[in-house]
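Peer 1: Attaching a single structure in structure tokens format; questions to follow.
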Amino acid sequence: MKRWMFWLITAIVVALVFVGFGYTKKRETQKQFDNLMSQAITNAQAAEYKKAELNLQDALRKKPDDVVAKQRLEQVKLYQEGLAELKQDDYEQAQLTFRSTAKISPSLSILTQRAKKKDKLLESVLKQRGKYDDLYNEAIRLTEIGAYSQSNENLVQILDGKNIDEKYYSQVRKDARELQERNNSILEQIRIQNQQAAIRRQREQQRQGEAKKAQQAAASSSSSAENQNGEPKKNDDKNDGQDNVKGSSESKPETNNSATEPQPSNENK
């Protein structure tokens, strides 16, 4: 009887030890779990997302079925994906990823707030970039039809635009500057060609003017020569006329003499 009681008591003591050990182990596991969850929050707040991810993975090793830890781990991973897409300038996909991050629940509240903020920012960025893209595409069209100055007007609206120096618009900013340089190069070539054409026209006008003056001088010289050759002729005609007058006056006495000659014969009669 005493032996039976001994083994019974021994069994009860062992059971109590195991129960106590199990309880202690569970409490220790819960404490470790809580610490890891708390560290994950702290690291997320410090933007140390990889550390927060490791904290949550360790927490799930302590409690594999914990829903909160699972959801928060998914949120941390998703948020990091959004950051990677943002770094690659894939703004459309990044916005979708941050939007999904903000919808996860239960969550790390700090990541929910940041994801919503990123979503709102990217919505504004994409809207503004759409305007810049429209201006740039129109500038390309104008360049292709030779309207280089009008194309530059569109490009100026981009390069002087709101927040154009931010990283979100780096590609369109680069493209706009390259197209502006191309337009300016062509406009400079056109300016030089027009200047050269104007010089050629001016020289041609000068040449034509000099040729016209030369023709006028030649015509004037020829007219003077003709006038000089015609004057002696007129003097000869005058002399001829004077000689004729003299001749006629000299012949008149002869006529008179012949008229007076018969007078003696009358006297004879």
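The values are calculated or read from the model by the stated rules, or taken from the named source; none is laboratory data. These figures come from a predicted structure and were not determined experimentally. All Cβ positions, glycine included, derive from the backbone under ideal geometry; neighbour counts span all protein chains shown. Protein only, heavy atoms only, side chains kept; ligands, DNA and RNA dropped before computing areas. Shrake-Rupley method; radii C 1.70, N 1.55, O 1.52, S 1.80 Å.
Peer 1: Give me Rg/Rg_expected for region 37-168, where Rg uses Cα atoms only and Rg_expected = 2.2 N^0.38 Å with N residues.
Peer 2: Dividing the Cα radius of gyration by 2.2 N^0.38 Å gives 1.47.
Peer 1: What distance in nm separates the simple spin-label points at SER170 and LYS120, each placed 7 Å from Cα in the Cβ direction?
Peer 2: So the label points at SER170 and LYS120 sit 2.6 nm apart.
Peer 1: How large is ³J(HN,Hα) for each residue in region 195-209, as worked out from phi by the Karplus curve 6.51 cos²θ - 1.76 cosθ + 1.60 (θ = phi - 60°), to whole Hz, x for Gly and Pro?
Peer 2: For region 195-209, the Karplus curve yields 5, 5, 5, 5, 5, 5, 5, 4, 5, 5, 5, 5, 4, 5, x Hz.
Peer 1: Taking amide hydrogens as modeled 1.01 Å from N in the peptide plane, which residues meet the under 5 Å criterion relative to ASP66, leaving out close sequence neighbours?
Peer 2: Amide H neighbours of ASP66, under 5 Å, 5+ apart: none.
Peer 1: If you take the alpha carbon radius of gyration of region 20-76 and divide it by 2.2 N^0.38 Å, what ratio comes out, to two decimals?
Peer 2: Rg over 2.2 N^0.38 Å, computed on Cα atoms: 1.15.
Peer 1: Quick one: 3J(HN,Hα) in Hz for region 90-98, Karplus 6.51/-1.76/1.60 with θ = phi - 60°, rounded, Gly and Pro as x.
Peer 2: 8, 5, 4, 5, 4, 4, 5, 5, 5
Peer 1: Going 7 Å from the Cα of ILE145 toward and past its Cβ, which residues in region 161-189 have a backbone nitrogen under 18 Å from where you end up?
Peer 2: Taking a point 7 Å out along Cα→Cβ of ILE145, the residues of region 161-189 whose backbone N falls under 18 Å are 183.
Peer 1: Still on this structure: Tell me, what is the Rg over Rh of region 133-215, with Rh the Kirkwood radius over Cα pairs?
Peer 2: 1.35
Peer 1: Heavy-atom accessible area per residue, region 77-166, 1.4 Å probe: how many Å²?
Peer 2: Here the residues of region 77-166 average 58 Å² of exposed surface.
Peer 1: While we're on this one: Based on the alpha-carbon gyration tensor of region 64-112, what equivalent-ellipsoid semi-axes (square roots of 5 times the eigenvalues) come out, in whole Å, largest first?
Peer 2: Taking √(5λ) for each eigenvalue gives 22, 10, 7 Å, largest first.
Peer 1: Past 24 Å, Cα to Cα, is the threshold; run LYS31/LYS116; LYS118/LYS162; LYS26/LYS50 against it and keep the listed order.
Peer 2: LYS31/LYS116; LYS26/LYS50
Peer 1: Something else now. Points 7 angstrom from Cα along the Cβ direction at VAL67 and ASP34: gap in nanometres?
Peer 2: Distance between label points: 2.1 nm.
Peer 1: Under a crude label model (7 Å from the Cα following the beta-carbon direction), how far is SER105 from LYS26 in nanometres?
Peer 2: Simple spin-label model gives 3.0 nm for this pair.
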